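The values are calculated or read from the model by the stated rules, or taken from the named source; none is laboratory data. Not measured: the values here are computed from a predicted model. Don't worry about glycine lacking a Cβ; one is built from the backbone with ideal geometry, like all the others, and counts go over all protein chains shown. Ligands, DNA and RNA are stripped out before the accessible areas are found, and what is left, the full protein with its side chains, is counted by its heavy atoms. Shrake-Rupley method; radii C 1.70, N 1.55, O 1.52, S 1.80 Å.
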Amino acid sequence: QGKPAPDVFIEAARQLALPAPACVVFEDAPMGVAAARAAGMPVVGVTTSFSAEQFAALDDAPDLAVRDFDEFLARATW
């Protein structure tokens, strides 16, 4: 099924042999954020199509919103 169904993310985790919470989804659209949440995965909103404010206004907002992967890596706290 397509997004917002979580199928694609659940299958990706299965193929990686990882539990859902160990995966991080990068999504640029609200339906993708909803699919990642439904899969039980943390999600980063990438603001290429929607703004950080638009992501923040979602009922189940992403854990973080960034411009690109460089910003994500710069903000990572691991």
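Considering (1) in contact with an Asp or Glu (Cβ under 8 Å, 6 or more places away or on another chain); (2) open to solvent by 50 Å² or more (accessible area, probe 1.4 Å); (3) in contact (Cβ under 8 Å) with a residue 24 or more places away in the chain, the lone condition that Phe69 does not fulfil carries the number (1). Filtered by the rule that a residue be β-branched (Val, Ile, Thr) and surrounded by 21 or more Cβ atoms within 10 Å (Cβ to Cβ), segment 13-57 gives Val25, Val33, Val43, Val44, Val46.
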